[in-house]
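Everything on this sheet refers to the single structure shown next.
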Amino acid sequence: MAEGENEVRWEGLCSRDPTTRETALESVRQIVLRKTEYLRSAKETLSRPSDGLSNGVSLDGMNKLLAHLLMLSKRCPFKDVRERSGFILKSDEELGIRIPRPLGHGPSRFIPEKEMLQVGSEDAQMHTLFADSFAALGRLDNITLVMVFHPQYLESFLKTQHYLLQMDGPLPLHYRHYIGIMAAARHQCSYLVNLHVSDFLHVGGDPKWLNGLENAPQKLQNLGELNKVLAHRPWLITKEHIEGLLKAEEHSWSLAELVHAVVLLTHYHSLASFTFGCGISPEIHCDGGHTFRPPSVSNYCICDITNGNHSVEETPVPSAGSALVSDSFFEVEALMEKMKQLQECREEEEASQEEMASRFEMEKRDSMFVFSSDDDEVTPARDVSRHFEDTSYGYKDFSRHGMHVPTFRVQDYCWEDHGYSLVNRLYPDVGQLIDEKFHIAYNLTYNTMAMHKDVDTSMLRRAIWNYIHCMFGIRYDDYDYGEINQLLDRSFKVYIKTVVCTPEKVTKRMYDSFWRQFKHSEKVHVNLLLIEARMQAELLYALRAITRYMT
């Protein structure tokens, strides 16, 4: 009886058919009951040395099983599964077994749980989306529950991710999850690493690979350099990087495989930015998402502190009428006034091409002097750092230390005219899915800004997108970069640069300090713009290098 949770077949709980779910739930209940009886009898014979090891292994397996049930009781879109999972846990507790409880306060450490959509209260359209996601992944993860502020985007995101990970494509399934691990690890994103370690094992991946990148096949090890440069300094990618991967004799990548890998790398680098930018909490069933300790008297346990959950209460919400609320109210008014003035200036006069180029160079230079106040090095944990090489390699501004990188001009190589067709040719349908996701993120608007309605936010969205591309050395000839300094204040620029370039350094204070009067849904919207602009920038550099190799 030393089996872990793997003996349980969870797939039946993902079915849309209530009868199938009922059968699966009864099977889970029987397994839990059997393990419970075994553990209770083992307690009585614990004095025998031979029982110690088997009991320990069995207890670990039981705890994982109970943690999975806890996740189902809180996060399954099917009411019957939520209720029965809760009932099984309660029955076990009554039999004297310690059961887990969630740590933290919902899917995000930055956003109060009461402001988020609760599983079970969604409308019919959202329920369908939740059910589809649950059926594909066997979970409704915290990223989904934060992205749900923007259902149109979420639908496109889930469709793209499902295609990349599970549908027919050049790479085998276990390679896809391993590449996801490699990409997330570059930003020390243990949240994504943990999820994909689980998925990698689920699709039959070799557990030895998880001991470190050096244990993976040489072909995947060869991808390490591209992963590193793409994550931190994509402007350094050359056709030589591409040639090295495509001509590595028996460890060579095909062009189609490489495009699949590049899309996965950029997807997970960007998703790490979203994870840190929105303060995504560990999944309930993963490490840091639950505890078997009883609540302390104050309902505040030391294990919450070690998991960073204390930061939820870090910043008290200011009372109405306080100076902070008043200041942030005028912040919004001032921003709207600037947008109005810029629109009027646009209509009155247009800057020359020389002036526009000069403003781009000025903004590019200025972006190098935007630092987070928490600019200390973050040392990666061993369980994450083993999935990549050269742990000291990180983001560096491209004009530092005398290095000059030529500006990437969008009219010479852009997503719409060049990148899209290359991806779609080598990995059919993916270009279309990514393009749709870019467009939804860029054009998404509810015509609101904080407490104001009927606002055209296109100027602000374009400033955010183009600022990110400017930080990557990408220039649009038809854009006046003078607008960026008018619309994006210092604290917002710090947040943007940190989320996009060094997401592991994002703090709740940074999240709270920009756009203080804006809703959490608007800040999540900002993060969607950041991750899609980042993904497109990385893709442009990688795909341009592939195109140069091919020509």
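The values are calculated or read from the model by the stated rules, or taken from the named source; none is laboratory data. This is a predicted model, so every value here is computed, not measured. Counting neighbours? That spans all protein chains shown, and the Cβs are built from the backbone with ideal geometry, glycine included. Remember, those area values only see protein heavy atoms, side chains included, never the ligands or the DNA or RNA. Shrake-Rupley method; radii C 1.70, N 1.55, O 1.52, S 1.80 Å.
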> How much accessible area does Lys74 have with a 1.4 Å probe, in Å² rounded to the nearest 10?
Replying inline: 90 Å²
> For segment 418-549, taking Cα atoms only, what is the radius of gyration to one decimal and the Dmax to the nearest whole Å?
Replying inline: 15.8, 51
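Between Gln218 and Lys239, what FRET efficiency comes out of the Förster formula 1/(1 + (r/R0)^6) with R0 = 22 Å and r the beta carbon distance, rounded to 0.05? Spell out each step's value before the answer.
On the way: r = 22 Å, r/R0 = 0.98.
Here the calculated transfer efficiency is 0.55.
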> Among all the lysines, which ones have a C-alpha under 19 Å from Lys493's C-alpha, if same-chain residues fewer than 8 places away are not counted?
Replying inline: Lys338, Lys364, Lys396, Lys505, Lys508, Lys519, Lys523
> Any idea of the accessible area per residue across segment 107-198, 1.4 Å probe, to the nearest Å²?
Replying inline: 33 Å²
> In the neighborhood of Lys90, defined by Cβ-to-Cβ distances under 15 Å, what is the net charge if each Lys or Arg adds +1 and each Asp or Glu adds -1?
Replying inline: +2
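Would you work out what percent of the accessible area of segment 391-546, with all protein chains in place, is carbon or sulfur (probe 1.4 Å)?
Answer for segment 391-546: carbon and sulfur cover 50 percent of the accessible area.
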>> Which of rounded, prolate or oblate describes segment 161-217 when judged by the alpha-carbon gyration tensor and an a/c cut-off of 1.5?
In response: oblate
>> Using amide H atoms built in the peptide plane, which far-off residues or other-chain residues are under 5 Å from Thr291 H to H?
In response: Arg101, Leu103
> Can you give the extra length, in nm with one decimal, that the chain gains between Asp132 and Asp456 once fully stretched, where that is 0.36 nm per residue apart less the Cα-Cα distance?
Replying inline: 113.3 nm
> Is segment 222-301 rounded, prolate or oblate when judged by the Cα gyration tensor, a ≥ b ≥ c being the square roots of its eigenvalues, rounded requiring a/c under 1.5 and prolate requiring a/b larger than b/c?
Replying inline: prolate
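Please say if segment 179-246 is rounded, prolate or oblate, where rounded means a/c under 1.5 for a ≥ b ≥ c the square roots of the C-alpha gyration tensor eigenvalues, and otherwise the choice is prolate for a/b larger than b/c and oblate otherwise?
oblate
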>> Taking the solvent-accessible surface of protein heavy atoms with a 1.4 Å probe, what is the per residue accessible area of segment 497-546 in Å²?
In response: 19 Å²
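Tell me, what is the FRET efficiency for Glu113 and Asn485 to the nearest 0.05, using R0 = 35 angstrom and their Cβ-Cβ distance as r?
Efficiency, rounded to the nearest 0.05: 0.45.
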>> Give the residue list of trypsin sites (Lys or Arg not before Pro) in segment 189-270 that are DSSP loop and have at most 16 other beta-carbon atoms within 10 angstrom.
In response: Lys247
>> Could you compute the net charge surrounding Ala537? Neighbours are other residues with a C-beta less than 12 Å from the C-beta of Ala537; K and R count +1, D and E count -1.
In response: +2
> Between Lys79 and Arg346, what is the label-to-label distance in nm when each label sits 7 Å out along the Cα-to-Cβ direction?
Replying inline: 4.8 nm
